[in-house]
Amino acid sequence: MPRNPTTESIATLGIDIGKNVFHLIGLDKRGAIVLRQKLSRSQIEVRLANLPICLIGMEACVGAHHLGRQLREMGHDVRLMPANYVRPYSKGQKNDFRDAEAIAEAVQRPTMKFVAIKSVDQLDLQALHRVRERLVSQRTGVINQIRAFVLERSIAVRQGAAALRMALPRILAATEKLSPRMIQIVQCLADDWRHLDQRIKAASSEIETIAKSNADCERLMTVPGIGPIVSTAMVAAIGGGDLFTRGRDFGAWLGLVPKQRSTGGRTILGRISKRGNRYLRVLFVQGAHAVLLRPACWERHGLKPWIEAAAKRLHRIKLIIALANKLARIAWGVLRSGRNFEVNPILPSPQP
């Protein structure tokens, strides 16, 4: 490394993002290190504003999208990468400068898979989904806790939140089985449940409003099994889907394809890989399950021949996963083409 490197020779810059400290490694066109610097959060923007236009790589982590947007406005070519794809390029012991060097090496690879930089609206929508997901999880925990407490007192309630809600007055009136303190605890949990229901309803209403005002979400909602929750979650996760070349790649990114461990010319397939966005994958699986529960809509959406043929060779759980993958690929096609989902009727072949 030269003793007095100049920033003019920097062709590639790797940035290791931290909470308060950023580590920078700059490479020239030959791949030699010409910059090694440690900056605080208050210094990073000023320092990068004085750099010549170059290729900048970062791991897709907290704060990367915000910094990436700022650097793009300065004219830099900014690319985000999954941390798992950067790790193989790290050499020797792990430290922050080694990580930044690995990022600078990885961002130059022509076969590297990158992450799209999210807009402010995408991050806001994603945050709204995260809040709703947390509230739903908390509500499930409250319901399970009520069930456990009353079951300890020999009061069993059938499965389902609606059944427990209907049974709550009877449970609170069972003074012969529940002590006054336990009745008070269950009443407090019921109040928490009611409050969480209100917050979930408010978050869901806001998501529905966003879906109705977004053209991409409206097109996605023409796909069977996709409503406001799935459509907005998909737009928040992948935007316009530009980073995927085909629907099959999107299905693989979601983890809805078998895990492959092929070797020696043999194709070895296992369970689904469960890669990518777990939240979005769960939503697509739930949407596929909802479609299977409504056989009357299969023919209207052009899915009846496919579902009936797949049902003959697949277990119901595998059928749900296969349909979720199919719906994900259709949704990507709708999002990428900018057209609504349409069913083209299959015309009979002409008779000779």
Filtered residue count, the range 241-261, keeping only those that are touching a strand residue (DSSP E or B) at 6+ places or on another chain (Cβ under 8 Å) and either in contact (Cβ under 8 Å) with a residue 40 or more places away in the chain or part of a loop (DSSP other than H, G, I, E, B) (or both): 5
Residue 26 vs. criteria at negative phi, of a type in the set (Gly, Ala, Ser), touching a Lys or Arg at 6+ places or on another chain (Cβ under 8 Å) and surrounded by 17 or more Cβ atoms within 10 Å (Cβ to Cβ): yes
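For residue 16, are the conditions met, namely being over 19 Å from residue 67 (Cβ atoms) and either at pLDDT below 90 or not polar (S, T, N, Q) (or both)?
no
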Could you please let me know if residue 199 is in contact (Cβ under 8 Å) with a residue 60 or more places away in the chain, over 30 Å from residue 338 (Cβ atoms) and not aliphatic (A, V, I, L, M)? yes
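For the range 268-295, which residues satisfy the criterion of being modelled with pLDDT of 90 or more and either farther than 20 Å from residue 231 by Cα or assigned to a loop (DSSP other than H, G, I, E, B) (or both)?
Step one: of the range 268-295, the residues modelled with pLDDT of 90 or more are 278-295.
If the condition is that a residue be modelled with pLDDT of 90 or more and either farther than 20 Å from residue 231 by Cα or assigned to a loop (DSSP other than H, G, I, E, B) (or both), then 293, 294, 295 are the ones that fit.
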With the condition kept exactly as written, say whether any residue in the range 113-122 is modelled with pLDDT of 90 or more, more than 15 Å from residue 23 (Cβ to Cβ) and more than 25 Å from the chain's Cα centre (by Cα). no
Of the conditions (1) under 22 Å from residue 215 (Cα atoms); (2) modelled with pLDDT under 90; (3) surrounded by 13 or more Cβ atoms within 10 Å (Cβ to Cβ), residue 335 fails just one. Which one is it? (2)
Residue 102 vs (1) aliphatic (A, V, I, L, M); (2) surrounded by 13 or more Cβ atoms within 10 Å (Cβ to Cβ); (3) more than 26 Å from the chain's Cα centre (by Cα); (4) not in a loop (DSSP other than H, G, I, E, B): all pass except (3)
Restricting to the range 67-79, name every residue that is more than 16 Å from residue 113 (Cα to Cα) and touching a residue at least 24 places away in the same chain (Cβ under 8 Å). 67, 68, 69, 70, 72, 74, 76
Tell me, which residue of the range 105-127 that is over 17 Å from residue 63 (Cα atoms) and touching a residue at least 24 places away in the same chain (Cβ under 8 Å) is surrounded by the fewest Cβ atoms within 10 Å (Cβ to Cβ)? 113
Candidate set: the range 139-187, residues that are within 32 Å of the chain's Cα centre (by Cα) and polar (S, T, N, Q); chosen: the one nearest to residue 200 (Cα to Cα): 140
Qualifying positions in the range 86-99 - closer than 16 Å to residue 31 by Cα, assigned to a helix (DSSP H, G or I) and out of contact with any Ser or Thr (no Cβ under 9 Å at 6 or more places or on another chain): 89, 97
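The values are calculated or read from the model by the stated rules, or taken from the named source; none is laboratory data. No experiment lies behind these values; they were computed from the predicted model shown. Backbone-built Cβ (ideal geometry, glycine too); neighbour counts: all protein chains shown.
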